[in-house]
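Notes follow the structure.
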Amino acid sequence: MPKASRKPVGSLPPGGVRTNVDGSWRNLNTSRLLLSSSGWCDAYLLTALEAAGYGQVRRTHFNVLRHLDNDGTRMTDLAARSNLTKAAMTSLVRACEHIGFVTVKAEAADRRARLVYFTQEGEALMRTFKDIMTAMERRLRQHMGGKTYDGLRAGLLKLSDIADVAVFADADPALRRRA
């Protein structure tokens, strides 16, 4: 029996979003477009990291790597920043520790608290990660054009300032119950 071929991580049809009979609202809403774009960026990063010798990095590891401060971060803070449970974050940190990117130590002031730090290998990975991100953003800017790219970044920065759904509660009474 022949092996089933696997699509590359994050592969989508031209345009980046699948269409369906339910209409474009499911595929072309802002949330879906952001998700699709994020998936594309992650796939690009994973492919480039693999080419740079970091094939053991998985998308789930980004939850640790993207949120870890250079001078160490409490496990509970990593979980909160990643919007994961402490148990899920502990599992991801252990995986990154097993690979050799991070180490975990007890905090001096509170021995119960666990601090996560980059190892030297983790710091090297993050330098490579930064170089790849810089190259990716340069390519995106060339592909989209400077004005469009700058507008996209400005809009995303503004969107990232919205910390909670409660910001919209005054405009939509249905959201008040969830805020």
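Check region 7-30 and report whether any residue there is modelled with pLDDT under 95, part of a helix (DSSP H, G or I), under 15 Å from the mean Cα position of the chain (by Cα) and not β-branched (V, I, T).
The answer is no; no qualifying residue exists.
In this structure, is L65 within 15 Å of the chain's Cα centre (by Cα) and crowded, with 16+ Cβ neighbours inside 10 Å?
yes
Can you tell which of A52, A95, A88, A4 is small (G, A, S), over 13 Å from the mean Cα position of the chain (by Cα), more than 16 Å from R114 (Cα to Cα) and at pLDDT 95 or above?
A52
Report, by residue number, each residue of region 46-82 that is in a helix (DSSP H, G or I), under 22 Å from M133 (Cβ atoms) and of a type in the set (D, E, K, R).
Matches in region 46-82: E50, R59, R81.
The values are calculated or read from the model by the stated rules, or taken from the named source; none is laboratory data. Treat the numbers as computed from the prediction; the structure is a model and nothing was measured. Positions of Cβ are backbone-derived with ideal geometry, glycine not excepted, and every protein chain shown enters the neighbour counts.
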